[in-house]
1. Against the conditions (1) under 22 Å from Pro127 (Cβ atoms); (2) assigned to a helix (DSSP H, G or I); (3) in contact (Cβ under 8 Å) with a residue 40 or more places away in the chain; (4) not hydroxyl-bearing (Ser, Thr, Tyr), where does Phe3 fall short? Just the number, please.
2. Any residue at all in the stretch 7-20 that's among the hydroxyl-bearing types (Ser, Thr, Tyr) and touching a residue at least 24 places away in the same chain (Cβ under 8 Å)?
3. Looking only at helices (runs of 4 or more DSSP H) that lie completely in the stretch 49-98, which have at least 2 residues being touching a Ser or Thr at 6+ places or on another chain (Cβ under 8 Å)?
4. Quick check: anything in the stretch 225-233 touching a helix residue (DSSP H, G or I) at 6+ places or on another chain (Cβ under 6 Å), buried (at least 20 other Cβ atoms within 10 Å of the Cβ) and polar (S, T, N, Q)?
5. Checking the conditions here, which among Gln210, Gln157, Gln205 is in a helix (DSSP H, G or I), out of contact with any strand residue (DSSP E or B) (no Cβ under 6 Å at 6 or more places or on another chain) and over 21 Å from Ala242 (Cβ atoms)?
6. Going by the structure shown, is Lys19 at pLDDT below 95, among the basic types (Lys, Arg) and either under 24 Å from Arg184 (Cα atoms) or touching a strand residue (DSSP E or B) at 6+ places or on another chain (Cβ under 6 Å) (or both)?
7. Just to be sure, is Ala162 within 25 Å of Ala65 (Cα to Cα) and surrounded by fewer than 16 Cβ atoms within 10 Å (Cβ to Cβ)?
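The values are calculated or read from the model by the stated rules, or taken from the named source; none is laboratory data. Because the structure is predicted, anything quoted here is derived from the model rather than measured. Glycine gets a Cβ as well: all are built from the backbone with ideal geometry, and neighbour counts include every protein chain shown.
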Amino acid sequence: MSFTPAIPLSGYAGWAFLKRTLPTQQAAFAATTEIKNDEAYFRANIGKVSTADELVADRRLLKVALGAYGLSDDINNKFFIKKVLQDGTLSSSALANKLSDKQYLKLSAAFGFGDFSVPSTKISTFPDKIIEAYKARGFEVAVGNQDSDLRLSLNLQRELPALAAKSSSETTKWLTILGNTALRTVFETALGLPKSIGTLDLDQQLNAFQEKAATQLGSSSISQFSDPAALDKLTKRYLLRAEVANLSASTGNNSALQLMQQIVSNGWVRNR
């Protein structure tokens, strides 16, 4: 990928710049030759696909399909992906339902090969959905090649409001976060939780995350992130803490981290 996003700053300052320029930069990314060619090929050929075998056999189509769900690293795992697609999602024994990474479940549900007699590839609006996701994910990857914290922040804006809007219980939403590496990383960092917390029993982890969220965010509810203001508060906390942790790791100086912990815990972050 030849596209390089303009990211002159790191941390929250870099995030503010990226947000201001996001529409322009995303349009520039979508206009690159590689993305335009991928889009044209997918639109022209996905409607001809009727089975998981046919999709997996076409590497160019599979590239877009997997890229749309952040699963590009599986491009060569054809047998595995075919099994995920063929099993569908309706049976509890389906492979996608057994995997901790729920992106496989989303992929299988979206294409519908194992769930319906007529797959989603035959629906006229289907290419729009997949291509939109492919472009969004691809732009995040390009950003992540320069700044992984900003990539996680972009992912947060897409994934968390969608999760917050679901009708499932708060416990289920929290468990989804704990099982999602990208979302979990943001919450761990934003709430000041150590990575070693992952060694605890799941119930203990859940309680720790909820208690920290209630104390530091004002509520332990994931549903609160349907509100853009709550989402922005979480993003800011994450980027500030991540920036200081990166600085501390590179300099071996904990004084900056202590200072930021004081700043994050006072009203400057909490009330904005």
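1. (2)
2. There is at least one residue in the stretch 7-20 that is among the hydroxyl-bearing types (Ser, Thr, Tyr) and touching a residue at least 24 places away in the same chain (Cβ under 8 Å).
3. Values: elements: 52-57, 59-67, 78-87, 95-98.
Filter on the stretch 49-98 gives 59-67, 78-87, 95-98.
4. Looking through the stretch 225-233, none of the residues is touching a helix residue (DSSP H, G or I) at 6+ places or on another chain (Cβ under 6 Å), buried (at least 20 other Cβ atoms within 10 Å of the Cβ) and polar (S, T, N, Q).
5. Gln210
6. It is false that Lys19 is at pLDDT below 95, among the basic types (Lys, Arg) and either under 24 Å from Arg184 (Cα atoms) or touching a strand residue (DSSP E or B) at 6+ places or on another chain (Cβ under 6 Å) (or both).
7. yes
Here's the yes/no breakdown for (1) of a type in the set (Ser, Thr, Tyr); (2) within 20 Å of the chain's Cα centre (by Cα); (3) closer than 20 Å to Leu154 by Cβ:
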| position | (1), (2), (3) |
| --- | --- |
| Ala182 | no, yes, yes |
| Gly198 | no, yes, no |
| Asp201 | no, no, no |
| Gln205 | no, no, no |
| Glu211 | no, no, no |
| Ile222 | no, yes, yes |
